[in-house]
Each structure stands twice: as C-alpha cells, then as structure tokens.
Amino acid sequence: MHVTSLPLAVAANNHALPADVRKEVPTDVAPPILRARPSVLATALCHGLKDTIGQMAGRTVGLALFAGISSQVWQYGNAKIIAGGLGALAAGSQALLLGASQIGTQSIAQKSAIGLCTVASAAAGATVAALGSLQPVTVLAIAAVATCAVSVLRLYAQGDDEVQGETLGETADAAKAMTFFMVTAASLTAVAVLDHAWGGADDSLAMRSIARLAEATCIELFKSTLETLGPSANRNALNFNGKFLASVCGLFPYWGATVVLNGVVSGLMQPPHTDSHEFLVLWGPLMIGSLANGIRGATNSTVVNMIHRARPDLRREATEVVRPSMGLKLPDPKKFPQKIVVRFVGNICANALYFKLRAHGMSVLTSGTIMQVMNGIIGQARDLTYELMQGEGWNEPQLTRREATKPSA
C-alpha cells in the first residue's frame, strides 16, 4: 500500500478544486511535531545539578560573610543581639503561619493559641540563634511530634454521617494547640533538669547564625530562579500524603550521602579539634558537602516520578508530574521569604546540636557526623513544613453516607 505524504496529498487534491479556492489552500503543510517527554533520568540529573549549584553558591556567600564578621571589629555581644532578633523573627513567623493554617483563626481561642505558639517559638528561636542552646530545639521537636500525632487522628475523624465527622475533626483541631503546650511544658521541665548548660561551645556561634541566614537566602534564590530551567519533577502533582511518602522514601539515600560527604569527608578535611574561622580552610569541605544536596535533589525527583506512576490515589487530578524546561523565573514574593525562614530555622537548630556535642568534648568529625543524622531529617522535612504553612495537610478519607436498603421481596 502506497502512502502519500501530507503536503503531496494536499497538492494533489488541489487540482480537483476551483481555481479561486485552489489559491487559498496551502500546499506546504508540515506534519505536527511531537515533543518527547523528558526522561526520569534526565529530570533527576537536572535537579541534582541545580541543587548542587545553589548549595555551592549559598555556602560560599555564607562562609564569606562569616569570615568577614568574625574579625576583631565585631563584638560578640552585638552579634548575639542581631542573631537573637533574626532567630526570633524567623521562628515566630514560621509558628504564626503554621498555626494559622493548621489550627485556624475563626475563634478567639484559636487566635489566642496561635499567639502563644508564636511567642514561645520566637523565644526559642532567639535562644537557639544567639546562644546555640539545644534545649529549645529538643523541646519544640518533641512538641511537634506530639502535635503531628494528634493531626493524624483527624484521618480517623469520621462517623456514620458528615455532621459527626466534622465534629470529631474540629475536636482534633482544638486538641493540637493544647497538646503543643502541654508537651512543651513537660519536656521543657525535663530537659532543663537534665541539662543546665544553655550555651554552645563557640563564642562565634551568633555570627554563624547570621551567616546561615545569608546562606539560606542565596540557596533559595537559586532554587526559585532555576526551578523551571531544564526538565523538572513537579512535586505538586502529588497530594500531601504522596509528598509525605516521597520525603520518607528519599530520606535514606540522603542520610547516606550527607553523613558520608557532609559528616565524614568534610570532617576529615578540617582540623580535628578546632572550629576554624578561616575561609580557605572551610571552603573545600563545604563544597564537598554540597554534593550531598545534589544527590538529594536527584533522588527526590526520581521518587516523586515513581510514586506518581505507581500510586493513582496519591496523585492530583490534571497535574503533570514532569514539566519541560520553561526557562528562568523570578521568585514568588510571597513564597520566597517563607522558604528562607524554614531553611534558616532548620540550619540554626542543626548548629545548636553540633556545638552542644563540641561542648561535651567530641571532635569535629564525630560532632559533624552525628549532626548530619539530624540534618537529614531536617532537610527532608523542610518541604513538608513549608507545605503545611500553605494550608496543606493529610488527605482525609471521603465520608460515605449510608443509605437504608429495602429488603427484597
């Protein structure tokens, strides 16, 4: 069977048309061009490369700022005031947005609970950023886990009808704030009794906190600008349950990468018992550690693709998981500061753990390796925290109304 190409077919049919119509019919019609979807491998490599570049740029900027302000020109007291203010603002803002989206702002009780959460978190952020205190980190981590446990109960807040399900759901929401404060008070008492030292091992820790903010800002600037450059995996193609599963699945490869590269290799490249302030001494280890974040980006991209294909129940309708390159874009003025806040709060918490271990006499290598175990969890929880701040949450089961059935005759 002979198949005629589309342009030749159109030209042949033109001879059967009147002369005035024949002139209006194009003869150079080209067949449609089908663009191939980017492969999972190409998307993963693109994510890994972009994340590595962003990390290298951000760490270089943060290190340069730290090396500059750690000179004798700066007074440690002034640095603590600035770092404390930045920590309070960041942690308080994060708590405010989380509370407003997860607890609600309809009633006076809800608003009061959000206010108390904001004040408590701001105080903790100031202490962590200025002094490197580990106690607030431990307390807030325990309280967050307990509050998340209460949130999971809402998944089972359903009954025989919608009214009963909504009532149980509202009860679970109200219990979040109460759980947060009760667990915070209990764990704060226990931690304070067990550990009386509220400071870190390094007097320049406040300066490191300030540098961490510059680092977080630069990294998020690169991530937001390069997000749609090259093929990319769209995390928003999954619902929150899918995003949580993706973060858990990506945790273990990232743990291995960050413990080896940021912990062991970077630790071996530094003086064993001295926390250096020198740019040239720290720059190499930081660049090596950036590779772990590239592995994290590639892994998370692959996991999102796999879950989207294998689990239809975790997809969002009419949302593509793989996006073609759309070039550079400007950061969203609303989302960009929130992402900086989440990253900065996680960074200062990791710093607090590291310098607490150093205060107990552990070496740079051992302290850094242990800290990276915590840092792996912080890194994978970063996106989930930001998504909770946007009002996302567990996808609740659909309520089904039970209808009475008539007995068959």
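The numbers here are math on the coordinates, done by the rules we state, and not lab data. These figures come from a predicted structure and were not determined experimentally. Here the Cβ is made from the backbone with ideal geometry for all residues, glycine too, and neighbour counts use every protein chain on show.
In whole angstrom, the range 236-352 maps to an equivalent ellipsoid with semi-axes of 33, 18, 14, each derived as √(5λ) from the alpha carbon gyration tensor and ordered largest first. Full extension of the segment from ALA141 to SER363, taken as 0.36 nm per residue of separation minus the current Cα-Cα distance, would add 77.4 nm.
Kirkwood radius, the range 307-351, all distinct C-alpha pairs, inverse of mean reciprocal distance: 14.0 Å. Residue-wise HN-Hα couplings along the range 358-371, as the Karplus relation 6.51 cos²θ - 1.76 cosθ + 1.60 with θ = phi - 60° gives them from phi, are 5, 5, 8, x, 6, 6, 4, 5, 5, 5, x, 5, 5, 4 Hz; Gly and Pro carry x. Checking the table LYS80/LYS223; LYS243/LYS334; LYS50/LYS243; LYS223/LYS335; LYS111/LYS334; LYS80/LYS334 against a 18 Å threshold on Cα-Cα, which pairs fail? Those over the limit are LYS80/LYS223; LYS243/LYS334; LYS50/LYS243; LYS111/LYS334; LYS80/LYS334. Annotation: peptides 254-260, 87-93, ranked by per-residue average of other Cβ atoms within 10 Å with the highest first, follow the order 87-93, 254-260. Taking amide H as placed 1.01 Å from N in the peptide plane, SER232 has its amide H under 5 Å from the amide H of ARG323, each at least 5 places away in sequence or on another chain. One decimal place: the segment ILE108-VAL264 gains 51.1 nm when fully extended, by the rule 0.36 nm per residue minus the C-alpha distance. Shown is the FRET efficiency for THR228 and GLU278, computed with R0 = 30 Å from the Cβ-Cβ distance and rounded to the nearest 0.05: 0.20. Under a 5 Å amide H cut-off, with hydrogens placed 1.01 Å from N, LEU238 pairs with ARG316 among residues at least 5 apart or on other chains. Taken one residue at a time, the phi angles of the range 232-249 give Karplus couplings (6.51, -1.76, 1.60, θ = phi - 60°) of 9, 8, 8, 4, 6, 6, 9, 6, 5, 4, x, 5, 5, 4, 5, 5, 5, 5 Hz. Gly and Pro are set to x.
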